[in-house]
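Beneath this line is the structure, given in C-alpha cells, with notes to follow.
The values are calculated or read from the model by the stated rules, or taken from the named source; none is laboratory data. These figures come from a predicted structure and were not determined experimentally. Ideal geometry is used to build each Cβ from the backbone, glycine not excepted, and the neighbour counts take in all protein chains shown. Surface accessibility is based on the protein's heavy atoms, side chains included, excluding ligands, DNA and RNA. Shrake-Rupley method; radii C 1.70, N 1.55, O 1.52, S 1.80 Å.
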Amino acid sequence: MRMLFLSALLWTATTALAQTAPPTVDDAWFCGVVISDCHINQGSGHDGTSAEDMRTIMQRIIGMGKDGTKKVSFKAAPNLVPTTSIIFCLGDIDRDKGDDASSGTHNNFLNCTAKVAKAAGVPFIFIAGNHDLSPDYWTGRNPDKGATLSGANADEKTVKAITDNNAYWSQTGVFDEDIHYFNSHPSPLTFHPSPFTFKFKGVRFYCAHTYWFQKPYKKPTLFSSATYYAPDGVIAALSTFVESHAAEASVWMQHFPWLAGSDCDRWWLDQNDVGLYIPATDASVYGSSTSGIAYNDATTANTLKKDPLAAIMMKAAGKVDGQVQHFSGHYHRFADRTYTSTTAPDHRVHDYTVAAPGNPHQTDNAFVVLFKRGEGVKEVVRATF
C-alpha cells in the first residue's frame, strides 16, 4: 500500500511539473549553418567544390546532432545538442553565371544543395554573388562592360532560381510570414537583383545579393547597351521597411564583406581590378553615379555606401554589444571584423566572413550560429562538415 501511495505521489508531482515547467532549451534556441562560395565544379583556381563533395557537405550539415552527438558547443547554451534549423549560402554558387559559365542555369548547384535540403525538410536560403550576377565590370582585361544581352538573360535566370527556391520554402509554411522583396524603382522593365527579407522563428533576416547597393539596369538590346540606375529607390524602401520593423531582432547578410579582403573597397565602389566602373544615369546620394572616385579610395567608399547602410541597419533590434550582426562570403577565408562608421562611431557592424568549402588552406568550412527566438544571434562558431 505504501509503495502504491508513493508511486501515485510521484506521478502527481511529475505531472504537475510537466504542466508548469518552462519551455525546453530547444524551444528557446535554434541553429543555422552558413556557407558560401561553393563554385560548384569551377576548379581549384576558385577553390571550387565538386557537386559530389557539396552533396556530402549538405548531408552532414542536415544530419548535425541527430545522433545526439555535439558537433559544436555553445557557452550560451551548454546543454544544447545543436541541430540544423536553417542553412544559408552566401553567393558564388556555381561557375560564372551557371553550369556552363554563361547560361544562368544552376542545376549542378541546386541538385546538390537545395534539392537535398528539400528532401530533408530543412529550409535552405541562398543569395547571388559576383560570379552569379553581372557586376558592373568583370575585369579590366575583359572588354565586356557590364551586362550584355546574354548576361542579362543569365541574371534573370539566376534571380528566378533564388525566388523559386524562396517560394518553395514560403509555401511549406516554415517562415513566420511571406518573403518580402525590395524592388522599388521608377523605371519600367528594369532588372534588379531583388534583395529580400523574411522572419524565421522570431528573427528577421535581411538578405542582399552581391551587395545592397548593386545598381538595377534596363536590359540591353541588339542595338543598345544596358542602362544603369542608382539604387536609391531600393535603399529607401529598405530604410522604410526597417523603420516599421525596428523592434524585430535582425540578422543581415550579403556576398561582399565589410572589411575582409584586399579587394573589398573597390567592390564597394563598383570598381573592377583596374578601377573602371559604370556610373548610373541618374544621381545618387550613395555615390553610385559619382565620377572621379579614386581607385580603392576606402574613405570615399565608407562615406558614400557603408556609413548610410550601417545607419539603416542600426535602426533594428538584435544587436550584440551594440553591434549589428552580419554575415558575408567572397573572401574564401574566415574573418571576424567590426566596421565602425566614419560619420557615427556608435554605428558598428560585426561581420562574420565564412570561408569557401573548397579552400584547401582552411580547416573549417562553415559557421554554426546559435540564435535565440526573438533575440537574434547569440554565438558564432566555426565547424567542419
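Local charge for Tyr217 was computed over the other residues whose Cβ lies under 13 Å away, with Lys and Arg +1 and Asp and Glu -1, and equals -1. For q values of 0.14, 0.17, 0.21 Å⁻¹, compute log₁₀ I(q)/I(0) with the Debye formula on a Cα-only model of the stretch 115-235, without solvent. Those come out to -0.65, -0.89, -1.20, one per q. Close amide H contacts of Phe200 (hydrogens built in the peptide plane, cut-off under 5 Å, sequence separation of 5 or more or a different chain): Asp176, Phe205. Where in the chain lies the longest segment free of GluC sites (Glu not before Pro) that are both loop residues by DSSP (not H, G, I, E, B) and have at most 15 other Cβ atoms within 10 Å? The reported range is 178-374.
Computed with a 1.4 Å probe over protein heavy atoms only, the accessible area of Trp252 comes to about 0 Å². Averaged per residue, the stretch 24-160 has 39 square angstrom of accessible surface, using a 1.4 angstrom probe with ligands and nucleic acids left out. A simple rule links phi to the HN-Hα coupling: the Karplus curve 6.51 cos²θ - 1.76 cosθ + 1.60 with θ = phi - 60°, which for the stretch 192-201 gives 9, x, 6, x, 8, 9, 8, 10, 9, 6 Hz, with x for Gly and Pro. Helical content of the chain, expressed as a calculated mean residue ellipticity at 222 nm, amounts to -7500 deg cm²/dmol (DSSP H runs of 4 or more residues, -39,500 (n - 2.57) each, divided by residue number, nearest 500). What you get for the chain, charging only the Cβ of Lys and Arg (+1) and of Asp and Glu (-1), is a dipole of about 900 debye around the Cα centre.
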